[in-house]
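Only the coordinates and a few stated rules stand behind these numbers; no lab work does. These figures come from a predicted structure and were not determined experimentally. FYI the Cβ positions are ideal-geometry reconstructions off the backbone, even for glycines, and counts take in every protein chain you see.
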Amino acid sequence: MKLCLSLSLCFFSFISFAQAQELSPTEVKTLLGEIRQKRAAAPQVQADFQEQKTMKVMNKPVSSSGKVWFQAPNKFRREVRGSSPSVTVSDGKTLWIHYPKFQSAEQYTLGKRSPLDAGIAAITASLNLEGVESSYNITGAREGNGYVLTLLPRAAATKRMLQQFTIRMNQQLQVQRTEMLQPNGDRIVTTYSNESRAPIDQSLFNFTPPNGTKITKPLGR
Amino acid sequence: MPLHQAISHLVTRRRGLMWLIVALLAGISIFVLVTRMKLDSEVLNLLPSGFESVEGLKVYNRDFAQVRELTFALSVQPGDVEELEEFAPEFAEMLRQQPWCARVLAGSPLETPEGMRDLQGMAVPLLLNLDPPAFHETIALLQPERIRERLQRLREEIEAGSPRPQFELELDPLGVIAPALRPFAENATVEDDQPLASPDGTLRIFMVVTNQPTLSAFDSHRLMEAVNAFRVEAQKGWEGAGPLEVLVTGRSAYVAEISLSMRHDIIVTVIGSIVLVGGVFFIGFHRWLPLIGMGFSLLLCCLVALAAGLLIFGELNMVTVGFCAILIGLGVDFAILIFGKYQQARDDGFDHTAAVGEAVRNLGRAIFFGALTTAVGFLALLLANSPGFTQLGVLIAIGIFLAGLFMMTVFFLFVPAINVRERRHWLFSAVKNYVVWTVRKPAIMLWIFVPVLLLLTAIAISPWPPLIFDASTRSMEPKESDAGHALHTIMNKMPERWEPAIGIVRSENVQQLHDQWQKVAAHWGALQQAGKIRSFSTPAALALSPRRLEANRTSLGAVDLAAARQALETAVAEEGFSAESFAPGFALLDGLAVAAQPGSELPDWRTLLPKSSSWWFLVDRYFSHDPLLTTGFVTTHAPITTQAQNEMLEREMPVEGVPLTLSGWSFTLADLVPWSQRQLIVISALMAIFEAGLLALLYRDWRLWLIQVLSLAFAVTAMIASMKLLAIPLNLLNVLAFRLVLAVGVDYGIYVLLVWQKAREVEHDVAGVIKPVILAGLTAIAGFGSLGLANNPTLAGLGIACALGIFWSLACTVFFTLPATAAWEPKAWREASGRRPEEMEDV
């Protein structure tokens, strides 16, 4: 369960959209409609990111950077660069996390009542903003030229993984910063830059472990 | 003085003495009932003794705490899944607050901080119980270099974005707990084998261990009153769009329902049979005092037989509550016959005393043989080797003889000395006309009825439609049972959840317990690998080996735990981890240091596990109150319903050198199918042979013998055909109905043919007996049929099957035995009557 929680939070961290003067519910609804319209015109996005995790188990925040790709409705890829690189790939059915340095990979099966399903559903719903109102209580505010959306999960399963999710967007409705707060106090802040909606090579969402990679299934599925 | 005269003198001239005897009998019986009444609601006592699976089930139910578990289920509409998700933790908390609740399992213990902490607390003994190679491999992780390497790698994995290290650090900061728990975790697949939520999310399960003192009917009833009040209260917090169903099932729920339903069954079946039987009697004779006399005599029979039963057995099982209804249905036959004969004698001019003597003289023998065949039929229930049915058989055997005796004595205390001539009414006229017609022209009746019987026989022996044989656990459940409804709702919404077979092992000491389960786990593991079983779980990981513990402690003594502690402190600081997160790791090192000291006492893992820990649900699955009595579980690829599955399990599950008792409800019921079929075929055949011999002795006429044997055979095949056509299932226990039908059904033929042999006038003699036989048959059908009102399915199934069988026995007697006898042996009464056949035309 803890594992699922952590996984889901990691995935939330590369969600790319919006930003935070209080918006009325009608204004929030209008804003969400505009975002959806934009996403519908270009259902894929890629961006660079920088992330800072504040975790209970670590004395200091852990930083990382890299690039993220997303293709609606549920495909994504995330590459972390630096001294501890990793690649996370999901084709909507299977999720891989590959650690080249350790020549190891973790494999998670989605669906089939996987405990990860709630987390993945939350992520993809947020990326699409499809039906997001039914899963979250959403408030919004205007901040400078941009917007801030605050999402509070409705479902108990999601609440176990996520306490609050804040999205800051610029005037063009591009995500600049997201902030996730976990029920145990852990916090992940991600900032995005160089957003592009150019088409993405679909092979990026497939993953085949290189020869010699040690594969584990932490959830046993 | 002949016996019939002595009886008539006693009941007509010495009435005071008779009443005194009756009062004494009733008084003693009531005293016994009041002071010794004890009802046994144990459904297992209906199953035959001597079967290992049945005995295993009794041990499991008696000695394992799991039987004190109640399973709660919350069931909602598909649109309320998220609301249920929200409500479930609140419900679990409400359960924990109940005074009758000892523990609650609302999810996998591993998902809660408490569950994880409890598991860490048990790590030391479980680590020391690893087999030596695995122990050495695990303990090597405590080398300073390995500790440093591991923490460095975990930190790098966190930086890489892996969620796994965080989880790993929370559960197992040192990396040695996971290997120590692996054998335990392999058996802790609660969620895999017994999921706590349905796939569609509309049902959530909560397991609760109650603190009820015993599983007695009284304690179970008191608990369930509190539980049912809670169910109503708990729903008040529900805010979903659709309704919330709070279901509960478990042994206490069933025991409480069964004990209540026993009370209901006694009242409903007795009142039902009294009303039906009394109604038939009144329709037949239009007399009130004899009707009251009959009721009184039957009540006395029931009282005396119940008192005798209590004195013999000490308690009465749930099926014996059907005894009164059956006895009323059967005993009234004697009243009808004897009163019919008495009335006939009065109409013939005999005075009261002489008429009583005449009735006893004429029918005493028939009643004795009737009581004998019925008693033997019910005593044949002893061959079923079921304590419950043994009681029923003995009670009815006693009761039926008492009924025969009381109907020839006590009953006449209620018959007025002044004769009221019986009014001729439509029933008698109809019977008389039918008898005269069928005796005169038997061929017509035979041409009509024999094809019907042959058709029914063809249906009976044809494979289609099939005779339903229900050996499922549902066939043993009370009708309209809330606990049953809860169980079936759970089963329907969670079809992958079915009852496993269990293997019980009783060991002599702790080492043997360990060794035996190691062998069993290895063997069952191979079966799983071979695909013969779906999964299994055993207490192997929790069965500690004193030898292993000692050997591993010696090895542990060689490990420099102080260096390991130092290395951990340094690595935590260097890698930037929070020291607080590693507190369990340091605690484990301390525990290992204590265990490594020679002579120190290792804590029992049972004392390390808090009483409120959810892990007890797992422990209680395997361990009884006696830690040396344990059980393992084998889940098959499909629910156990067939004999082939049982044979496979009996062949594959045992392990050489390990005395394993195989059991489980589904396993046991499937195991009893051959027994049940043997009861159906062999015992019924023995009963038939006994009756054939008795009839031969009684009639000393092969033609009459053959007619009645054919009549009985037709009755049984017609009964089978009716059950097929009406889709009435046979179950493990109502197969006993066949012998009862043979025993009761034969009586009607005996009454008719014995009278036939001596008959002088068709109207007077033959029609005179056919009417009481019809009335007797109808009262027996009413008596057994009233059992169909019982909640107890065994009793209801037995009653309905018997009522059907007796109906066909009566029909065969009236529409086959009589015309066949008239066709085949017409001289017996014609010659004796001194009339010529053509004179009969006028009759």
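Could you state the number of Å between the C-alpha centres of segment A:165-208 and segment B:81-119? Cα centres, segment B:81-119 to segment A:165-208: 35 Å. Other residues within the sphere of radius under 9 Å centred on the Cβ of B:Leu74, judged by their own Cβ, net out at 0 (K and R +1, D and E -1). Shielding value for B:74-86 is 2, the average number of Cβ atoms from other chains within 10 Å of each residue's Cβ. The shape of segment B:494-585 comes out oblate: with a ≥ b ≥ c from the C-alpha gyration tensor, a/c is at least 1.5 while a/b does not beat b/c. A convex hull fitted around the alpha carbon atoms of chain B yields 199 Å³ per residue. About the centre of its Cα atoms, chain B shows a dipole size close to 4980 debye [charges on the beta carbon of Lys, Arg (+1) and Asp, Glu (-1) only; nearest 20 debye]. What the phi angles of segment A:133-142 give under the Karplus curve with 6.51, -1.76 and 1.60, with θ = phi - 60°, is a coupling list of 5, 7, 9, 10, 8, 10, 10, x, 8, 9 Hz, glycine and proline written as x. With an a/c value of 1.5 or above and a/b not larger than b/c for the gyration tensor axes a ≥ b ≥ c computed over the alpha-carbon atoms, segment B:45-160 is described as oblate. Give me the log10 of I(q) over I(0) for the protein assembly as shown at q = 0.07, 0.08, 0.09 Å⁻¹, as the Debye formula computes it from C-alpha points; what are the numbers? Computed log10 I(q)/I(0) values: -0.78, -0.90, -1.03.
Averaged over the residues of A:52-59, the number of partner chain Cβ atoms lying within 10 Å of the residue Cβ comes to 6.
Spatially, segment B:753-830 and segment B:337-375 are offset by 18 Å when compared through their Cα centroids.
Highest mean packing first, where packing is the average number of other Cβ atoms within 10 Å per residue, the peptides A:161-173, B:680-692 line up as A:161-173, B:680-692. Nearest 5 is fine: what % of DSSP beta bridges in the protein assembly as shown come out antiparallel, could you say? Given both bridge residues lie in the protein assembly as shown, the antiparallel proportion sits at roughly 95 percent.
Measure nothing fancy, just the Cα-based angle from helix B:52-63's long axis to the longest principal axis of chain B, in degrees from 0 to 90, nearest 10. Relative to chain B, helix B:52-63 is tipped by roughly 60 degrees. Once Lys and Arg get +1 and Asp and Glu get -1 on their Cβ, which of B:Leu395, B:Phe428, B:Phe91 lies farthest toward the positive end of the dipole of chain B? Positive-most Cα among the choices belongs to B:Phe428.
Relative to the first principal axis of the alpha-carbon coordinates of chain B, what is the inclination of helix B:15-36, with its axis defined by its Cα atoms, in degrees from 0 to 90 and to the nearest 10? Compared with the principal axis, the helix lies near 10 degrees.
Averaged over the residues of A:82-92, the number of partner chain Cβ atoms lying within 10 Å of the residue Cβ comes to 3. Taking the centroid of alpha carbons for each part, segment B:389-416 and segment B:10-36 are 14 Å apart. Just check segment B:543-622 against the gyration tensor rule for me: Cα atoms, a ≥ b ≥ c as the square roots of the eigenvalues, rounded for a/c under 1.5, and otherwise prolate or oblate depending on whether a/b exceeds b/c. Oblate shape, in that a/c is at least 1.5 and b/c is the bigger or equal ratio. The helix-only estimate of mean residue ellipticity at 222 nm for the protein assembly as shown, built from DSSP H runs of length n ≥ 4 each weighted as -39500 (n - 2.57), is -18000 deg cm²/dmol after division by the residue total. Here the peptides B:120-127, A:32-39, B:542-549, B:556-563 are ranked by packing, the mean other Cβ count within 10 Å, and the order with the highest first is B:120-127, B:542-549, A:32-39, B:556-563.
Pairs of Cα atoms nearer than 8 Å and 6+ residues apart set the relative contact order; for chain B it is 23 percent.
In degrees, nearest 10, range 0 to 90: what is the angle between the Cα axis of helix B:352-379 and the longest Cα principal axis of chain B? Long axis of B:352-379 versus the principal axis of chain B: about 30 degrees. Loop-located GluC sites (Glu not before Pro) across segment B:624-686 with a Cβ neighbour count of 10 or fewer within 10 Å are B:Glu656, with loop assigned by DSSP.
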